[in-house]
Structure formats: C-alpha cells, structure tokens
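Data first, discussion second: the structure below is written as structure tokens.
The values are calculated or read from the model by the stated rules, or taken from the named source; none is laboratory data. Note that the coordinates shown come from a computational prediction; the quantities given were computed from them, not determined experimentally. Virtual Cβ from ideal backbone geometry, glycine too; neighbours counted across all protein chains shown.
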Amino acid sequence: MSEAQIEAEQADTTTQTVLDVSDLRAWYGPSRALHDIALSVRTGELVTMLGRNGAGKTTTLRSIVGMVPRRSGSIIINGTQTIGLPSHRIARTGIAFCPEDRGIYASLSAEENLVLPPVVAPGGMSVEDILTLFPGLRDRMKSPGTKLSGGEQQMLAIGRILRTGARLLLLDEPTEGLAPVVVQQIGAAIADLKARGYTILMVEQNVRFASTVADRHYVIDRGQVAETFDNATLLADFDRISARLSA
Ligand code: ATP
C-alpha cells in the first residue's frame, strides 16, 4: 500500500470513529478504578465490553458520559473532546446512556418516564416509533413505573434514550435478570437499532447474547483492556473464551 493510500485510509478511519477513548483513568475517592483504558467505536458498530464483576466496565461507560467523580485522559465523541465537559454538555454531542438499574421513576407512569429526558439532537424516535420497536409497552403506557416488569422497564429505559436523538448509545447490561424470552425481544430490538445505523457500546455479562449481536469485543480486567477480538474469533473459540470470562 502506498503512503498516500495509508494516509487516505487513516483519514477515513478518523472520520468514521464516533467514540475514541484513550488513557482513560477514573477514581472513586482515593481508589483508582480505571487504568489507561483505550477503545474506539466506529459508525454503525456494535461493540461490547465483557469481563468479570468489578472489572471496570460500568465505570468506563459512566466515565464516558461524565458521571464519575474524577477522570482523566481523552474521550472524543463525534470529533469533540469531552473529558473536561459536564454530563449535560456531553449529552449534546449525541450520546446517551442506559444504566444497569434502568433508572425508571416509580412515581411516574411509563409514558412520563419515556418523555422525561431532554431531546439533544434532531431525528430522535417518536413515541409511536418506540412503541413499534417495543410493542409490549403499548398497553403499559399509563402504568406506574413500579408496576412494570423487569423486561418492560428495560424496554422503557432503552426507548427513552432513543427519543433524545442520540445516535451513539451506551447500554449497561441490558439483559441482566431477564427471562430468555425477554432477552430475545431485547436482542431483536438491539439488532433493529444496529440495522438503522445506530452505534452501540454495550456492557454485557451474557457472552452468548453478546455473540449474537456484536461486531467486536473488548475484555476489561482490573480497570484495563485485557484483550480485544472480533465476533468471528469469539464464535470460533466460544467455550474457551466464555469459560475464561466467568472463571
Ligand atoms: P459489575 O458488572 O459488577 O458492575 P463492572 O465491571 O461494571 O462490574 P464497576 O462497577 O465499573 O465494574 O467497578 C469497578 C471498580 O470500581 C470495582 O472495584 C468497584 O468496587 C468500584 N466501584 C464501582 N462503583 C463505585 C462507587 N460508586 N464507589 C466506590 N467504588 C466503586
């Protein structure tokens, strides 16, 4: 490959990179949770972070959206350096975070929960689009948050970030605690979002589920990226890799 071709390819890669994290460190009080995390996600990719409990996966997502008390390094989202920005400014770069606890307000109805987050960019899904993606929510819109099942709460939590117009979605363990049939529904919705061109970075404990939806994977261990591989590698070596991740 000529130098010009290499430069062209590098420029192309840069324009396609939606999220570029390097040297990311994060602290809770005096204790350091992340040690120089580096990862990147390109337009339309679905990338997971796998790893044991306490490895630093959630902290990485929370750091990217400015929700940890102290962090340093570089986080470039859609070309904007966000490391020094507060979370409400980070949201305006077109990113949205769906937390592990789903963050559904018990005192609000499903519908009120759905329309709560501010719209940050044009092109967000309408309530009707969201109900088409998650038909099970349609009859539950007037129900209070407390009355929703875990699966309905997860659908609502994903649905409401789709309203904001964000095209880069951070999902923290979307299948956690859900029955297999609901995991399948969530998987179908995530595959649909990928087909619509959304870019997704997802933390997932369920390696089997991750292998059905993702393009690439990062393994996080003790606050660092231990390994990275594409989904074909995971599928080809599934038993060994998943055994190591759960050991
Ligand atoms: P899990 O799947 O269990 O959530 P994880 O890989 O997402 O695991 P993190 O939640 O990011 O891991 O935790 C990374 C480290 O930071 C762990 O040692 C954890 O105990 C610590 N930690 C996480 N949240 C806090 C907090 N709010 N205050 C203090 N320490 C924390």
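Out of the residues in the range 214-247 meeting the condition of being farther than 19 Å from Thr58 by Cα, surrounded by fewer than 17 Cβ atoms within 10 Å (Cβ to Cβ) and of a type outside the set (D, E, K, R), tell me which one is modelled with the lowest pLDDT.
Ala247
So how many residues does the range 30-66 have that are within 10 Å of the ligand (Cβ to nearest atom), over 24 Å from Val213 (Cβ atoms) and touching a helix residue (DSSP H, G or I) at 6+ places or on another chain (Cβ under 8 Å)?
The number of residues fulfilling the criteria is 2.
Note down all Cβ pairs under 6 Å where the first residue falls in the range 94-107 and is touching a residue at least 60 places away in the same chain (Cβ under 8 Å), the second is in a strand (DSSP E or B) and more than 16 Å from the ligand (Cβ to nearest atom), and they're at least six residues apart or on different chains.
Hits for this filter: Gly94/Leu168; Ile95/Ile77; Ile95/Leu168; Ala96/Leu169.
Out of curiosity, is Ala4 assigned to a strand (DSSP E or B) and either within 12 Å of the ligand (Cβ to nearest atom) or modelled with pLDDT under 95 (or both)?
Against the criterion (assigned to a strand (DSSP E or B) and either within 12 Å of the ligand (Cβ to nearest atom) or modelled with pLDDT under 95 (or both)), Ala4 does not qualify.
Gln205 passes all but one of (1) part of a strand (DSSP E or B); (2) within 22 Å of Ser63 (Cα to Cα); which number fails?
With (1) part of a strand (DSSP E or B); (2) within 22 Å of Ser63 (Cα to Cα) applied to Gln205, the lone miss is (1).
Among residues belonging to the range 79-111 that are among the hydroxyl-bearing types (Ser, Thr, Tyr) and farther than 17 Å from Leu201 by Cβ, point out the one that is nearest to the chain's Cα centre (by Cα).
Once the filter is applied, the top-ranked residue is Tyr105.
Looking for something β-branched (Val, Ile, Thr), over 30 Å from Thr93 (Cβ atoms) and in a helix (DSSP H, G or I) - is there at least one such residue anywhere in the range 158-180?
No.
Kindly indicate which of Glu204, Glu176 is among the charged types (D, E, K, R), surrounded by fewer than 18 Cβ atoms within 10 Å (Cβ to Cβ) and under 15 Å from Pro99 (Cβ atoms).
Answer to the selection: Glu176.
Provide a single number: the residues in the range 190-201 that are more than 9 Å from the chain's Cα centre (by Cα) and either in contact (Cβ under 8 Å) with a residue 60 or more places away in the chain or crowded, with 18+ Cβ neighbours inside 10 Å (or both).
So the count comes out to 5.
Can you name every residue in the range 45-62 that is closer than 10 Å to Ala33 by Cβ and touching a residue at least 40 places away in the same chain (Cβ under 8 Å)?
Passing the criteria: Ala55, Gly56, Thr58, Thr59, Thr60.
Mind checking which residues of the range 192-212 are of a type in the set (A, V, I, L, M) and in contact with a helix residue (DSSP H, G or I) (Cβ under 6 Å, 6 or more places away or on another chain)?
Result: Val203, Val207.
Does the range 98-106 contain at least one residue that is surrounded by fewer than 16 Cβ atoms within 10 Å (Cβ to Cβ) and either within 16 Å of the ligand (Cβ to nearest atom) or modelled with pLDDT of 95 or more (or both)?
Yes: the range 98-106 contains one or more residues that are surrounded by fewer than 16 Cβ atoms within 10 Å (Cβ to Cβ) and either within 16 Å of the ligand (Cβ to nearest atom) or modelled with pLDDT of 95 or more (or both).
Do you know which residues across the range 214-230 are within 15 Å of the ligand (Cβ to nearest atom) and small (Gly, Ala, Ser)?
Scanning the range 214-230 gives Gly223, Ala226.
Look at Leu168 and say whether it is at pLDDT 95 or above and either buried (at least 22 other Cβ atoms within 10 Å of the Cβ) or more than 18 Å from Thr60 (Cα to Cα) (or both).
Judged against the criteria, Leu168 is not a match.
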